[in-house]
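Colleague: Input: one structure, supplied below.
Just so it is clear, none of the values below were taken in a lab; they were calculated from the coordinates. This one's a predicted model, so the numbers in the text were calculated from it and none came from an experiment. Cβ sites come from the backbone with ideal geometry, for glycine too, and all protein chains shown count toward neighbours.
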Amino acid sequence: MFKNQICFLLFILVSVKGFSQITGTLIDSTSNEKLPYASITLFNNENELVEGMVTDEAGVFELQGVPKGTYYLEASFMGYKPKTIEGIKVTRRNQEIAIGEVLISPSDEFLEEVMITAGSATVLNKVDRQVYSAVKFQNSKGGTATDILRNLPSISVNGLGEINVRGSSGFEVLLNGRPTQGDAAGILGQLPANAVERVEVITAPSAKYDPEGKAGILNIITKKGAAEGAFTQINVMAGLPSIEPYDNSENPQRYGADITYNVRKEKWNISLGTSYLHNDINGRREGDVFTIINDTLTRFPSDGERSFDEENISGRFTLDYLPDNKNALSLGFYAGKRSKDRTADILYYDNHKITPAEGGERVSTFQYFNENLRIRRSDFALGSIDYSHTFDNKSELSSSFLYEYTMLGGPTTNRNLGYPDTSELLQNEYNTNDNPLHGIRAQIDYKLKPLSIGQLETGYQFRNLDHTGDFVYERRENENEDFELVPEFSSEVNLRRKLHSAYGQLTGSRDNWEYAAGLRAELADRELDLSDKTGDLDTTYYYDYFKLFPSASLQYTFKNDLKVKAAYSKRVERTTTFKMNPFPEREHSETLEQGDPTLLPEFVDIVELGIEKPLKGGNSIFGTLYYRNVENLVNRVNTVYNDTILNRIYSNVGREKAVGLEIGAELKPVEKWTNFIGANVYHNAIEGTFDNQRIDNDSWIYSINANSTYRFSPGTSLQFTFNYLSDHNTAQGEDSRFYSPNLSFQKSFLNDQLTASFQWQNIDLGLLNSNEQSITTARPGEFYTTTNYVYEVDIIRLNLTYSFNNNKNESRFIESEFGKREF
């Protein structure tokens, strides 16, 4: 370990002498907004291309390594008139030429439409990511960031609401480029879609980023603006009652609102926000299970309610202070409450035993009703402070510190009752837990003065997680008894994890080439303390590693704008506390759930080859061939606990390999009709062992996301979306196909200050099987399960958004680092 630490501390910076550079910022001359991802090209007096690049998300460009000579610069962007700046003279080495703001005007042909209807491309391809415009997916308005993601080619959302990037649920979420360590689905499910400007899908991230997330990174960019003054926006959502009957005990409630106030004046930027969302989903669960023990088969088919009641309330505050153009300070605070209650009231209507298991006769028949309520709550508060400084030589230093406190917990009530006489109590079980979490992240980054070979960046990050858990499981057999502790299910768990990491990253461009290469080193130290309530067990599990995470990417642009690229990235998927707790938790009548204290993190290699070609009329196509190799694959697998209960375990089951092709196209047959379609097709293979049995299965999997929009006028549009996920394999079985059609109509009023959206989600009309998915697992000679989840269809929602002035939203809030990952 000592040698590893020495290697870690000797992480080397490299410095080389540079040529000159030309810098500037591209600005929309009519709105004063900065233009990201616009083309910047530099030519010499012989009209030969010398250098080229695209502006970053702040509209900034830096042309590096420019030799002596006289040049002219061209700036271009879709829907804008090209802008040429002539007479740029480089007279010496290391000369810094600051052009300043370059104003570019919308073309006369598209001026009105571009400014009102956001006629930019749906997707922009960069060397290391695809960038999607959120405004293109209007069916997500009033919803969350998850509703935006389900439209992207590489992303699928299944019937349980799980988000997958290229078939993997392991990915990291960034907010405005800042790392988070919360549960990805939780973060995205709490962020209003109205606040999202665009989504960047980074499937082969560079060493600059934390290596967490085996499928890469989703960077969510929130709306910002450049104008001074105040901005106030109110969003209101209301949903109609359920159309389809599900025989649930309560009618779903769907309503919410969020308010954002932002004021920017000279050196200050203040953002205040509060949001409330109550979003219930009705549904049912139909299941069939059998187990085999000692040649006796026990079968217990079931049917009943499975619904969710979810409520979120939060408040946020951010203060930015910019004393001059070299320094920036930001303070942030975020606090709130979140709850998600799952009701699973299930009738086990034909439980019976057969012996012998094959070809035998019934020896008993019984039935019972299970009332199950699982409540998951999270109260949280976190604060952050960020500071950055730009030196006279254009080097940049930035630092960030975040502290988070989260109280996770919530009880599960599991009551087995007689049937049809439900007044008879067969068994009453109650388990609860308190999981206080303390998290710290400290980070410092340094960007050197641009060099002739590109931009060199280095940085260091420290993360500390302290997550304790007190799990109490009690049981009684009738209402007159007191609850008694069940020691084998009760425990105390304490996870402490420290991470040190440092990186070096070089990015640059020359001629038609763009390139990046980097190396990140990470030192991890994990301690897991376990003890039971009887004092018989008190064990500590240790795990640490020192690993290098290299990355590289290369892109070449041909004269016809055809782009080809290649990339490699090494990643890690770290384990959560929940998946390492070996004490079983009673999820519901037929399932226990537990983890593995020796669970290893997953280590991942990602390789990509991509191509992208813009076409005439605003059309474009792109495709990416990829390979992903996962070592120490973590899967949820089942074993038999007793004749009517399965034990669900998180375990390292072996290796997963995925080879796939991701394609997308934007097609515009006529001026008012725009279509975006994306697909992901891949072959997934899982090889390994679990419980001394071989795991070897594979399948072809595909997903399709289509989006078609027709604009009747600048402020009126109709959009249809369709999301489809095919059957796909798991370690012990298969998940069925899942699909969802959606329709939305949007209309703007009062000079675009008020926007109304009418949404019809999960279209079914009693004719389709929308929003349904079956999950099957099996182990020959031991068990078989199949469960069909039937969730609400034909949901009708109305969203209203009102802005009190025309300034753009520049609010910027912090998000959870640690707690949401465990929620």
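Colleague: Find the Rg to Rh ratio for the stretch 493-577, where Rh is the Kirkwood radius over alpha-carbon pairs and Rg uses the same atoms.
Modeller: With Rh from the inverse mean 1/r over Cα pairs, Rg/Rh is 1.30.
Colleague: If packing is taken as the average count of other Cβ atoms within 10 Å, what order do 407-417, 734-744 fall into, highest mean first?
Modeller: Answer by packing, highest mean first, reads 734-744, 407-417.
Colleague: As a footprinting exposure proxy, order Val131, Val201 by other Cβ within 10 Å, with the fewest listed first.
Modeller: Val131, Val201
Colleague: Taking the Cα-to-Cβ direction at Glu361 and at Thr23 and moving 7 Å from each Cα, how far apart do the two end points lie in nm?
Modeller: 8.9 nm
Colleague: Please compute the modelled spin-label separation between Asp544 and Glu782, points set 7 Å along Cα→Cβ, answer in nm with one decimal.
Modeller: Those two pseudo-labels are separated by 3.6 nm.
Colleague: If the chain between Asn94 and Glu266 were fully stretched, how many nm would it gain, using 0.36 nm times the residue separation less the Cα-Cα distance?
Modeller: Result: 58.7 nm gained on full extension.
Colleague: Ok, one more. How many angstrom lie between the Cα centre of the stretch 467-508 and the Cα centre of the stretch 332-385?
Modeller: With the stretch 467-508 and the stretch 332-385 each reduced to a Cα centre, they are spaced 18 Å.
Colleague: Quote the relative contact order of the stretch 267-352 in percent (integer), defining contacts as alpha-carbon pairs under 8 Å separated by 6+ residues.
Modeller: 36 percent
Colleague: Using only the Cα atoms of the stretch 287-394, what do you get for the radius of gyration and for Dmax, in Å?
Modeller: 28.7, 87
Colleague: On the Cα set of the stretch 637-692, report Rg and Dmax in Å, please.
Modeller: Considering the stretch 637-692 through its Cα atoms, Rg and Dmax are 21.4, 64 Å.
Colleague: Return the Cα extents of the stretch 298-345 along principal axes one, two and three, sorted largest first, each rounded to a whole Å.
Modeller: 73, 21, 12
Colleague: Can you tell me the relative contact order of the chain? Whole percent, Cα pairs under 8 Å, sequence separation 6 or more.
Modeller: The value is 13 percent.
Colleague: So if R0 is 56 Å, what FRET efficiency would Glu479 and Asp698 give, r being the distance between their Cβ atoms, rounded to the nearest 0.05?
Modeller: 0.65
Colleague: Okay, next question. In nm, what is the difference between 0.36 nm times the number of residues separating Glu162 and Ser708 and their Cα-Cα distance?
Modeller: 194.1 nm
Colleague: If you rank Thr674, Thr598, Thr296 by fewest surrounding Cβ atoms within 10 Å, what's the result?
Modeller: Thr598, Thr296, Thr674
Colleague: Using every alpha carbon pair in the chain, what percent of pairs falls into each 10 Å bin from 0 up to the bin containing the largest distance?
Modeller: All Cα pairs, binned at 10 Å, distribute as 2, 12, 22, 26, 20, 11, 5, 2, 1, 0 percent.
Colleague: Rounded, prolate or oblate: which fits the stretch 334-434, taking a ≥ b ≥ c as square roots of the Cα gyration tensor eigenvalues, rounded meaning a/c under 1.5, else prolate when a/b beats b/c?
Modeller: prolate
Colleague: Suppose R0 equals 35 Å. What FRET efficiency, 1/(1 + (r/R0)^6) with r the Cβ-Cβ distance, do Leu768 and Tyr556 give to the nearest 0.05?
Modeller: 0.20
Colleague: What's the magnitude of the charge dipole for the chain around its Cα centre, counting Lys and Arg as +1 and Asp and Glu as -1 at the beta-carbon? Answer in Debye, nearest 20.
Modeller: 3580 debye
Colleague: Calculate the spin-label point distance for Glu488 paired with Tyr387, positioning each point 7 Å from the Cα along the beta-carbon direction, and give it in nanometres.
Modeller: 5.7 nm
Colleague: For the stretch 444-596, place one equal point scatterer on every Cα, skip the solvent, and apply the Debye formula. What is log10 of I(q)/I(0) at q = 0.09, 0.12, 0.14 Å⁻¹?
Modeller: -0.54, -0.72, -0.83
Colleague: Out of every Cα-Cα pair in the stretch 406-478, what percent are more than 18 Å apart?
Modeller: Cα-Cα pairs in the stretch 406-478 separated by more than 18 Å: 67 percent.
Colleague: Follow-up. Rounded to the nearest 500 deg cm²/dmol, what is the calculated helix-only ellipticity per residue at 222 nm for the chain, with -39500 (n - 2.57) per DSSP H run of length n ≥ 4?
Modeller: -1000 deg cm²/dmol
Colleague: Once you have the Cα-Cα distance between Thr534 and Tyr641, take 0.36 nm times their residue separation minus that, and quote the gain in nm to one decimal.
Modeller: That pair, Thr534 and Tyr641, stretches by 36.3 nm at full extension.
Colleague: Can you sort Thr390, Thr458 from fewest to most other Cβ atoms within 10 Å of each residue's own Cβ?
Modeller: Least crowded to most crowded, the residues run Thr390, Thr458.
Colleague: List the aspartates and glutamates whose Cα lies under 15 Å from the Cα of Lys447, skipping any in the same chain that are fewer than 8 positions away.
Modeller: The qualifying aspartates and glutamates are Glu62, Asp392, Glu396, Glu457.
Colleague: Of Leu277, Asn312, Tyr710, which is farthest towards the positive pole of the stretch 123-822's charge dipole, taken about the Cα centre with +1 and -1 on the beta-carbons of Lys, Arg and Asp, Glu respectively?
Modeller: Toward the positive end, the furthest listed residue is Tyr710.
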